[in-house]
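Laboratory data are not the source of any read-out in this text; all were calculated from the coordinates shown. None of these values were measured; they are calculated from a predicted model. Neighbour counts are summed over all protein chains in view; Cβ atoms, including those assigned to glycine, are modelled from backbone coordinates with ideal geometry.
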Amino acid sequence: MRRTMQAIVHSPVLARVRYTRRRRVVTVTAMMASNFRRRAIVFLGSLKLAIALLLLIAAASIIGTLIPQDQGPSVLETASFHPRLIQFLLAIKAYDVYHAAWFVALLTALFVNLAVCTWLRFPPTWRRYGLQWVARPKSTAEQDLLPLLGAPNAVRLDILRKRGFRVSEYAPQQYFVEKNKFVRLGPTLIHISLFAIMAGAIWGGLSGVNASIPIQVGESVRAEDIVRTARIRGPLSQPFAPFELKLDAFRIDFRPTGQVKQYYSRVMLTAPDAQTQTRQVWVNEPLIYRGVYFYQAFWGVAALSLTRNGQTERLSMTPAKTGAYMSSPFLVGGQEFLIFLRSLEEPALLVSTKNFEAVGQLVPGIETSLGSDRFGIDSYHLYSGFQVKHDPGIPLVYFGCGLLVMGLLMVPFRHRELWITQDGDHWVLMGRSHKGRVILKREMAQLAQVWNDHCIRGDGGGLNGRELAGT
Amino acid sequence: MVVNWPELETWGAVTACWTTGLAFLAFLFALVLKRGAMTWVGRGLMGAGLVGALVTLVARGLVAQHAPWSNLWESMVTLLFWVLVFYFVTEIWYRPRHFGLIASPLAFLTIASASMLPAGFKGAAPLMPALQSYWIKIHVVIIISSYAAFTMAFAAALGYFFFRWRAGSQALVSAGGPEVSHAADFNAQLAFFDELTYRLILLGFPLLMVGIITGAMWANNAWGTYWSWDPKETWSLITWFVYAAYLHARITHDWAGDKACGLAVLGFVAMLITYIGVNYLSSGLHSYGFIR
Ligand code: HEM
């Protein structure tokens, strides 16, 4: 395959690249070739395909923002849509679009498109980058062309140099003038960085581990348990080096308004071959151990200590749908009750399991009687939830992001190419830019005006043209 | 001297609302009555709006003790600020004709709809744990500046369609007549507004992309995943892809004109959904940032 591709690229057909007059976009004339494989490759590298894929992926992505993505097919089965629509949505895996085979195939197609395109189209731009000058285009149809009233000389060329143009004399009295050539490397940087990011994401998916681990205060979890219960475990992932993570303390800071301000876990990490470390972890401040990140992610109520006539008993709490908690039931005088807790800032409710009616309120420190018993809440036992993650793809993704930003910084700038040359016996200023000609034309008009002012007055003055944007 | 910051905050927002609204009237007079001086009045009013937005942001920052772009109202005032900055950048660099006429109502709508938000979206509120990060300062402000650049690109596209419409009706009236130069002028304006749209998208696109990258870094820092396909992330990707399609279309097909400006409008719609619509769509990681 590689052989064929090389043969194609170096074949005279493809080597015959044509600089279109306005932009130096390389047109691959191999479209003419009858050879199917060649045509397929040219198609795979085409901008038409790129535009179609970008718009298609954008459109397809909308589905996942309309249908909940984390609840499995059941959200569709119970939806009140037309049965046909439900069938269709199930068939395209609309409940998990971003992992559906067809969506991944679209992304892969974009990846391939990008690869082929970069490889077919970009080397000419690098070669061009190495050139000090390019000859003036033959055709004048698409260039802008303005008359100059006098021949170039040192002072007049300085008018251009002062404005940041680089001037080279490529033939006697023929000047090539350009500005911002570096911009031409931007797209290469951008596209290569996209590869780095995608490669990093794929590598992370293959070899990463991602787990959600709740730990109660005083308890601990071991590395192998984390890996075993991980939500995401890539097929190439390695087991973690052994360690044990213990939650020493957990604290929630509230604001006076009752909102959560921040929550903190004090954890102790012990490993057979490392020093024990104690650290505070909070949201946005993870603990990092050998490439494994522990993020403070969530918290909840695991149990509560109930006092009954002075005796303490521990009831486990399970989360209910609305974010509230229900305790395991207990008997009072032959009847079943449970504790219902909406949030830590509100009193807990003592609820009968028969009709779910509240028969009393409980606030820590204040007792309530029910029948002949006195109940109180001694304390809540909280758990702290950690997102534990190991993603070996991250360095590559970040490297790609850095490269991408560098390339992006160049995007708003434009490369201008001008020629000072003769058209018959007149001096002319010719020019082109890859990013539109209207603004370039204005800029050229100003340059020509300054130049011509100089020609008329012969003093190099008259720099009255207003400066145009430097971009 | 004691400065009453909360009062200054309100004062700034009200000023910005009035001045951008009046600027529109000034630009309208300039066009209809053909009074060039009114254009300068309009620009002056837009400048006053910029000052108002800046005062509001500074005051809110001092009152709330955090970067003043943390709830919907604050972010809309920030948007207004950037819209006005990019408006002036466009005026100074490219000097488009009648641009204020299109830009000022957009600026006015931004601040007017911000002030009509229910009180819950407006008040200075402390930040949730996940938002207490220096990333929010960077991420949100970059994203909003990209929205502002796209808003001005949308304004330029509207300018294109405006001249296109005028050129169409003009051509009927003046076919071959003494108005030919007039039609040529319209065509020059068309090409100009088309290219102005392109220039502004070339400005907004990198800002959006850098905004998405910083957002991914923030998410990675706060939640441990840099991409989780939540609705806001996904819509920013959709917006990004639409504008990427725009840029690539311009490279090859010479899609200049109607199709390109249409795509710019489509990108703006996607941007609006990313910015506002998503909050109503569903609840993702970002939802609590704005709607609580
Ligand atoms: C996620 C996908 C992509 C992104 C974000 C992206 C981004 C960009 C950006 C920002 C530019 C610079 C535009 C400018 O400065 O005017 C660019 C240029 C370009 N892109 Fe892409 N691109 C993507 C995919 C593709 C694909 C699949 C192709 C293949 C056909 C392609 C072909 C090109 C070409 C030929 C250029 C112009 C190069 C030049 O002016 O020298 N891009 N791209």
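Provide the FRET efficiency to the nearest 0.05 for the A:ASP423-B:LEU109 pair, computing r from the beta carbons and using R0 = 60 Å.
0.75
For chain A, what is Rg from Cα atoms divided by 2.2 N^0.38 Å, rounded to two decimals?
1.53
Using the per-residue mean of other Cβ atoms lying within 10 Å as a proxy for protection, in what order, highest first, do the peptides A:202-210, B:50-58 fall?
B:50-58, A:202-210
In whole Å, largest first, what are the principal axis extents of the Cα atoms in segment A:313-370?
Ordered largest first, segment A:313-370 gives principal extents of 29, 25, 22 Å.
What is the Cα coordinate range of chain B on the first, second and third principal axes, sorted by size from largest, in whole angstrom?
69, 52, 29 Å, listed from the longest principal axis down.
Might you report the magnitude of the Cβ-based charge dipole of segment A:220-371 about its Cα centre, with Lys and Arg at +1 and Asp and Glu at -1, to the nearest 20 debye? Don't skip to the end; give the middle numbers.
Details: 16 positive and 13 negative charges, 73 e Å.
Charge dipole of segment A:220-371: 360 debye, to the nearest 20.
State the volume of the convex hull built on the alpha-carbon positions of segment A:84-198, expressed per residue in Å³ and rounded to an integer.
Values: hull volume 23.1 nm³, N = 115.
Looking at segment A:84-198, the number lands at 200 Å³ per residue.
Dipole size in debye (nearest 20) for chain B around its Cα centre, Lys and Arg Cβ +1, Asp and Glu Cβ -1?
Charge dipole, chain B, about its Cα centre: 240 debye, nearest 20.
Could you tell me the calculated FRET efficiency between B:VAL32 and B:ASN4, based on Cβ-Cβ distance and R0 = 45 angstrom, to the nearest 0.05?
Computed FRET efficiency for B:VAL32 and B:ASN4 comes out at 0.65.
Could you pull the Cα extents of segment B:8-61 along its three principal axes, largest to smallest, in whole Å?
42, 13, 10
Work from the charge dipole of chain B (Cβ charges, +1 for Lys and Arg, -1 for Asp and Glu, about the Cα centre) and give the residue of B:LEU33, B:LEU247, B:LEU200 farthest towards its positive end.
B:LEU33
With N set to the residue count of segment A:207-352, report its C-alpha Rg divided by 2.2 N^0.38 Å to two decimal places.
Expressed relative to 2.2 N^0.38 Å, the Cα Rg reads 1.27.
Test of understanding: what is the full-extension gain from A:TYR129 to A:TRP282, defined as 0.36 nm times their sequence separation minus their Cα-Cα distance?
Length gained between A:TYR129 and A:TRP282: 50.1 nm.
For segment B:180-284, report the % of Cα-Cα distances exceeding 18 Å. Don't skip to the answer; put the middle values down first.
Values: 3061 of 5460 pairs.
Result: 56 percent of Cα pairs exceed 18 Å.
What Kirkwood hydrodynamic radius do you get for segment B:1-110 when you take the inverse of the mean 1/r over all pairs of distinct Cα atoms, in Å?
14.2
Using a Förster distance of 25 angstrom, determine the FRET efficiency expected from the C-beta separation of A:ASP273 and A:ARG228, and round it to 0.05. Spell out each step's value before the answer.
Numbers: r = 21 Å, r/R0 = 0.85.
Using R0 = 25 Å, I get an efficiency of 0.70.
What area, in nm² and to one decimal, does the C-alpha convex hull of segment A:94-144 cast on average over all directions?
Working: hull surface 26.9 nm².
Dividing the Cα hull surface by four gives the mean projection, 6.7 nm².
Using the C-alpha atoms of segment A:268-336, what convex hull volume per residue, in cubic angstrom, is computed?
It comes to 166 Å³ per residue, whole-number rounded.
Round to a whole angstrom and tell me the spacing of the C-alpha centers of segment A:71-131 and segment A:276-324.
What the calculation gives is 39 Å, centre to centre.
Over the Cα atoms of segment A:215-279, compute the convex hull volume and normalise it per residue, giving Å³. Each step should come with its number before you reach the end.
Details: hull volume 7.3 nm³, N = 65.
Looking at segment A:215-279, the number lands at 113 Å³ per residue.
Given the options A:ILE192, A:PHE111, A:GLN174, identify the residue whose Cα lies farthest towards the positive end of the charge dipole of segment A:82-202 (+1 on Cβ of Lys, Arg; -1 on Cβ of Asp, Glu).
Positive-most Cα among the choices belongs to A:GLN174.
May I ask for log10 I(q)/I(0) of segment A:130-245 at q = 0.10 Å⁻¹, from a Debye sum over the Cα atoms as equal point scatterers with solvent left out?
-0.59
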